[in-house]
Amino acid sequence: MAALDNIRVLDFGRYVAGPYCATLLADFGADVIRIEQRGGGDDRYVGPVTDAGEGAGFLQINRNKRSLTLDPRSTGGKEILRRLVATADVVVVNVPDNALVKMGLDYATLSAIQPSIILVNSSSFGPVGPWADRPGFDSVGQAMSGSTFLSGPGDVPYRTPVTWVDHSTALFAAYGVMVALYERTRTGKGQQISGSLLGSALAIGSSYLIEESVRHRGRTPIGNRSHINGPTDCFRTKDGWIVTQAVGEVIFKRWALLVGRPEALADPRFANDDLRGANGKILSEWTQEWIADKTSEQALTALGAASIPAGPVLSPAQVLAHPQVEAMGIFVPTEVQNLDEPVALMQPPITLSATPAEIRRPPPGIGEHVDEILASLGFTAAEITGLRDAKAV
């Protein structure tokens, strides 16, 4: 039995923050119904990889779900939505809060149908403030949290193509759902959960923001080095790049002895992490000198033997082939529609000893489970045909 058996989730989310929250619940057994417009949502087709044009992100973020197409404004559409909500435990959305009423997914409407319902909405900027009604994406959260400003060499700010703001918002939302489900076991009542891209980005970047509020450091970009420790940087080897991160006195001592710089241990410029960050350019130069005549494997072997955190800078292809990634078994070959070969979908990067996550089904085709879901809601075959004819599904 899966941990979230008998929990039904209605996923009205798009792109990452909403859908990935629902996926994390699905991986542990929740029955997640992805609800999208007839013809499929726009997020299906970003970065296409299948013959039907579905994107890699869609495949990863919509595993373990069933698909129901629905136009709630159509004849019969509102009744389908009402019956769905009456059977649901959780509704997942990611839109500006003012859009919830227009969609008929505000908490007052949902709880009138199902008093124990849990609504989680992850908007761009949260439910209050002058920007509450504005749309946004991951890059906006990165930029407004200070992360983009602090990234890059200093002449041009850099954002990362990895959508860490979207994904962390999904994680916070799933965490909120689990707390709300636990609270419901005690009270029997549902509640509304509000998250935001900006809030998630601020939470993850909060150490820099707290430092600025207290010390007014005015940090500026320093490339791949760290402001608060060193030597932390990316280094060129004979055949690639590696990264190191030295934090604390013990690791710094190991580094100094390994690279032949024992005098650094008595140098007042490197007396603590903060000073090593401030003078990290020198430490990076010394490390680069030590690494320059070594292959990545040679450098990483030596750093590993000295218990200094380090790793290779890998391309996506190299990631998939790395022996540590393979040993973790985190990618599961999964048969997917419109692909001739199985695609490697990633399981959650946590394991539970008694109730582990599992990829039970591939991401669904558009409206693949319409008949199955509507029949479970009590619609007859004739009624389902009528709803199709009315373009409600």
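If a residue has to be within 26 Å of the chain's Cα centre (by Cα), buried (at least 16 other Cβ atoms within 10 Å of the Cβ) and either within 19 Å of residue 259 (Cα to Cα) or assigned by TED's automatic domain parsing to the domain that holds residue 156 (or both) to count, how many in the stretch 227-247 make the cut? Total satisfying the criteria: 4. Look at residue 49 and say whether it is within 19 Å of residue 169 (Cβ to Cβ) and in contact (Cβ under 8 Å) with a residue 24 or more places away in the chain. No. Could you say whether any residue in the stretch 16-28 is surrounded by fewer than 20 Cβ atoms within 10 Å (Cβ to Cβ) and either touching a residue at least 24 places away in the same chain (Cβ under 8 Å) or over 30 Å from residue 354 (Cα atoms) (or both)? Scanning the stretch 16-28, I find no residue that is surrounded by fewer than 20 Cβ atoms within 10 Å (Cβ to Cβ) and either touching a residue at least 24 places away in the same chain (Cβ under 8 Å) or over 30 Å from residue 354 (Cα atoms) (or both), so the answer is no. Filtered by the rule that a residue be charged (D, E, K, R), surrounded by fewer than 24 Cβ atoms within 10 Å (Cβ to Cβ) and in contact (Cβ under 8 Å) with a residue 60 or more places away in the chain, the stretch 1-15 gives 8, 14. Tell me, yes or no, whether the stretch 192-214 has at least one residue that is closer than 19 Å to residue 8 by Cα and either touching a residue at least 12 places away in the same chain (Cβ under 8 Å) or assigned by TED's automatic domain parsing to the domain that holds residue 61 (or both). Within the stretch 192-214 (the criterion being closer than 19 Å to residue 8 by Cα and either touching a residue at least 12 places away in the same chain (Cβ under 8 Å) or assigned by TED's automatic domain parsing to the domain that holds residue 61 (or both)), the answer is yes, since at least one residue qualifies.
Can we say residue 140 is farther than 19 Å from residue 33 by Cα, among the hydrophobic types (A, V, I, L, M, F, W, C), modelled with pLDDT of 95 or more and not in a loop (DSSP other than H, G, I, E, B)? Against the criterion (farther than 19 Å from residue 33 by Cα, among the hydrophobic types (A, V, I, L, M, F, W, C), modelled with pLDDT of 95 or more and not in a loop (DSSP other than H, G, I, E, B)), residue 140 qualifies. Is it fair to say residue 379 is over 23 Å from residue 61 (Cα atoms), in the same structural domain as residue 48 (by TED's automatic domain parsing) and surrounded by 14 or more Cβ atoms within 10 Å (Cβ to Cβ)? Yes. Scan the stretch 254-277 for residues that are part of a helix (DSSP H, G or I) and more than 36 Å from the chain's Cα centre (by Cα) and the total you get is 11.
The set of residues in the stretch 320-349 being out of contact with any Phe, Trp or Tyr (no Cβ under 8 Å at 6 or more places or on another chain), surrounded by 12 or more Cβ atoms within 10 Å (Cβ to Cβ) and either farther than 30 Å from residue 366 by Cα or not assigned by TED's automatic domain parsing to the domain that holds residue 366 (or both) consists of 322, 328. Do any helices (runs of 4 or more DSSP H) lying entirely in the stretch 309-381 carry at least 1 residues that are touching a residue at least 24 places away in the same chain (Cβ under 8 Å) and out of contact with any strand residue (DSSP E or B) (no Cβ under 6 Å at 6 or more places or on another chain), and which ones are they? Because the criterion is at least 1 residues that are touching a residue at least 24 places away in the same chain (Cβ under 8 Å) and out of contact with any strand residue (DSSP E or B) (no Cβ under 6 Å at 6 or more places or on another chain), the helices (runs of 4 or more DSSP H) in the stretch 309-381 that meet it are 316-321, 370-376. For the stretch 19-66, the set of residues classified as of a type in the set (Asp, Glu), more than 17 Å from residue 344 (Cβ to Cβ) and not in a loop (DSSP other than H, G, I, E, B) consists of 31, 36, 42, 43, listed by residue number. Surrounded by 13 or more Cβ atoms within 10 Å (Cβ to Cβ), under 25 Å from the mean Cα position of the chain (by Cα) and of a type in the set (Phe, Trp, Tyr): is that true of residue 149 in this structure? Yes, satisfied. Taken together, the criteria place residue 169 among residues that are crowded, with 17+ Cβ neighbours inside 10 Å and either within 22 Å of the chain's Cα centre (by Cα) or not in a helix (DSSP H, G or I) (or both). Listed by position, the helices (runs of 4 or more DSSP H) inside the stretch 68-122 whose residues that are closer than 14 Å to residue 33 by Cβ and modelled with pLDDT of 95 or more number at least 1 are 77-87. Among the conditions (1) outside the structural domain of residue 89 (by TED's automatic domain parsing); (2) of a type in the set (Gly, Ala, Ser); (3) surrounded by 21 or more Cβ atoms within 10 Å (Cβ to Cβ), residue 223 misses just one, which is (3).
The values are calculated or read from the model by the stated rules, or taken from the named source; none is laboratory data. Just so we're clear, the structure is a prediction, and the values are computed from it rather than from any experiment. In this analysis, Cβ positions are derived from the backbone assuming ideal geometry, glycine residues included, and neighbour counts consider all displayed protein chains.
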